[in-house]
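Reviewing the structure listed below.
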Amino acid sequence: MAKKKNTRSAERADFLAVLLCLAGAALCFACFQIDLNRSLRRYNEEPMGTVNWKRRAAQRRFADRVLWDRLKQDSPVYSGDYIRTGELSAAAVNFSSGSVIEVAENSLVHIVIEDNTPQVEISGGVVNINARDTDVLIVSGKNSVRVNSGGRVTAGADAELLQVRVDEGTASVSGAGGERFAGGSREASAGEGFSLSTGAAASGGPGRAGPELPGSTGPNFSPPANFSPPANLSPPILFSPGEREVLRYQNRLPEIRFRWSGPAGNEPPPAYYILEAADNPAMENPALSLQTRVTSVSASVPRPGLWYWRISPVYQGPSPAGTRGSFLVEEGPLPPPPAAFSPPPEDASLRATFPPAGYTVAEALVPDLRFTWKAPVREARFQVSAAEDFARLEVDERVSGKTWQIRRLAPGGWYWRVSAGGQNSPPRRLTVAASLPFPAPVGSPPGAGQDQAVFRWQPVDGAAYYEFRFYQGQSGGRLLRSETLTGTSAAVSLAAYEDGPYRWTVQAFSGQTPESTRQESLPAVVSFELRRRPAETAPPQAAVSRSRSLPAPRPGAPADNFLFDADRLRGIDGISFSWTAVDGAEGYTFVLLSAEGREILSVRPKTPSYLLSDLSILSNGRFRWQVRALRRGGSGEEQSPAGEASFTVDIPALRRTRLEDIGDLYGR
């Protein structure tokens, strides 16, 4: 009889082997997770709070590292960390003390704890600070703002200004080097706003960043004589969603179109708008916080229920109160479309897509324009053409979702549509407006010993107001004064300023309407030398020979609206600029500007030509160049009006090579 085999021991051994392998795999996976996420935590430091992102993802960088970490929800934050957000993203930093700092989109902040007080250095963007149980210090440049416990402020900063609006409580303002202003501390209460220059100049009114008063320890907060009180600035009017409007959805939360009015009449536009949505009427800890320069945004709320939303315009100084509305998001059957309904004429601008038909956008704001259609698509083509039949496409790009942005469009009339699955959306008319005409300066520079100067310029057709700025230095330098004017002149007191180079700029702007964006001109730049003591009197014959003002040089090459493509830029050492010589000129000022009016380069050649050899300062887009003739007279340096022209750089982007089959490294 055959002997029965014992298989129990073999089965037990197999079970132990499998169990051991599973345990080893679990241990390896745990070690992998620890190694993968170890950059998110410091085990030798105590975190000062946590950070969580509200929309999309945020990034954090330790002070002693160069790599940015993609944050998880409730990641710890340590003293010295940098937090940044991208397009349409937002994050909130919750401190252990209870204070909350909300970081809006496209923002970069540096957070430090000193003496148990959080310090926030804003390098760019907008933050909302809710100081609950301790003070919070805002730092930008040489100025600082202390948000007192129980206060809530909104602050934004760029390369020149720190703009602050106090929503609740009080905030104490410090000047250059952290010193208090003369006469004691300066406290701003709820509803007040102000601007501080990163060069230690400040302002107390819209569009005014100074001047810094010589002999004082900080900025001057008294408003100028031509400044209208904040109460005269109209608050925005909410268009959609309507008050207590019910928004129903199925399966997925809806994308909500927020729309509001822009500045009324000839009022100056704000620097930006802040859109907030919260689940409480006090607007505490908003779940949605976005910064935008246009008057229409598509966004969604994280959950259904009753929501309150607010639009707050932010000026360079005191700003009007924001406008609040409410809406209800609930799951349920969608309402059927009306059978035969034609909207009244006043609602014709409320379209299912944005921008609406007939919309006008400034050329400089085309990259900020977000094209939106009604329903998201998995794969479609976004097309732009100069003809309504789209016979020749200017833009033809593959898109997904329900929004898209383009880099640039030349001035003129255009049509845009979305094509998917053989179906085309109705074409929408869009007009891209060129820059406003140049506000040409008139008059002579201030003479020696002159205590008061009036700078004038020619009026510009279509301009609603002008932005005047006064700087110390010929290029760059410190901003001394900035104000918004409706006239064509600005008076500046020179008695307190030292001898040396100065310059002033003026830029024209048009008003913003629901059918068009704000338009602007290129800035006029005038430099001069300020001298307290009169210069030596020139001989009579020299005075007679120079009594006639210098004419503007005429640009020669490259011609106006010249296009530099890849073929024209290939193999050249630089771009040669030339212009007509001006009789009596001792030199020239050559200035290169971006389409937005930002100064890229400023040089002073002696001859009527200049070779731009460093082409790395150029990128795809439109550029302007200006040239002025210079000479010295008895009252200082004299400049002619500017001759100007433009050119465009258009180099197609390189296609990224994709490796489909890399083969075997060593063969088989």
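The values are calculated or read from the model by the stated rules, or taken from the named source; none is laboratory data. Owing to the predicted nature of the structure, the values given are computational and were not obtained by experimental measurement. Cβ: placed from backbone, ideal geometry, glycine included. Neighbour counts: every protein chain shown. Just so you know, the surface numbers come from the protein's heavy atoms only, side chains and all, with ligands and any DNA or RNA stripped out. Shrake-Rupley method; radii C 1.70, N 1.55, O 1.52, S 1.80 Å.
Worth pointing out:
- Set Arg60, Arg38, Arg12: member being modelled with pLDDT under 65, not in a loop (DSSP other than H, G, I, E, B) and not hydrophobic (A, V, I, L, M, F, W, C): Arg38
- Only residues that are open to solvent by 70 Å² or more (accessible area, probe 1.4 Å), touching a residue at least 40 places away in the same chain (Cβ under 8 Å) and farther than 18 Å from Asn620 by Cα were counted across the stretch 397-409, and they come to 0.
- For the stretch 474-509, taking the residues that are surrounded by 14 or more Cβ atoms within 10 Å (Cβ to Cβ) and not in a strand (DSSP E or B), the one that is modelled with the lowest pLDDT is identified as Ser475.
- Failed item in (1) buried (at least 20 other Cβ atoms within 10 Å of the Cβ); (2) modelled with pLDDT of 80 or more; (3) touching a Ser or Thr at 6+ places or on another chain (Cβ under 9 Å), with Glu255 passing the rest: (1)
- Only residues that are free of Cβ contacts under 8 Å to residues at least 60 places away in the same chain, open to solvent by less than 20 Å² (accessible area, probe 1.4 Å) and assigned to a loop (DSSP other than H, G, I, E, B) were counted across the stretch 352-396, and they come to 1.
- Some residue of the stretch 459-473 being aromatic (Phe, Trp, Tyr) and open to solvent by 40 Å² or more (accessible area, probe 1.4 Å): no
- Within the stretch 107-133, the set of residues being surrounded by fewer than 17 Cβ atoms within 10 Å (Cβ to Cβ) and assigned to a loop (DSSP other than H, G, I, E, B) comprises Asp115, Asn116, Arg132, Asp133.
- Considering each residue of the stretch 435-451 in turn, none proves to be of a type in the set (Gly, Ala, Ser), open to solvent by 50 Å² or more (accessible area, probe 1.4 Å) and farther than 23 Å from Ala552 by Cα.
- Of all residues in the stretch 576-605, those being free of Cβ contacts under 8 Å to residues at least 60 places away in the same chain and within 25 Å of Ile651 (Cβ to Cβ) number 10.
- Val153 being open to solvent by less than 40 Å² (accessible area, probe 1.4 Å), modelled with pLDDT of 80 or more, closer than 25 Å to Pro235 by Cα and in contact with a Lys or Arg (Cβ under 8 Å, 6 or more places away or on another chain): yes
- Meets criteria (surrounded by 14 or more Cβ atoms within 10 Å (Cβ to Cβ), modelled with pLDDT of 85 or more and not hydrophobic (A, V, I, L, M, F, W, C)) for Arg568: no
- The criterion of being at pLDDT below 80 and assigned to a loop (DSSP other than H, G, I, E, B) does not hold for Ala282.
- Subset of the stretch 606-631 [in contact (Cβ under 8 Å) with a residue 24 or more places away in the chain, charged (D, E, K, R) and in contact with a strand residue (DSSP E or B) (Cβ under 7 Å, 6 or more places away or on another chain)]: Arg622, Arg624, Arg628, Arg631
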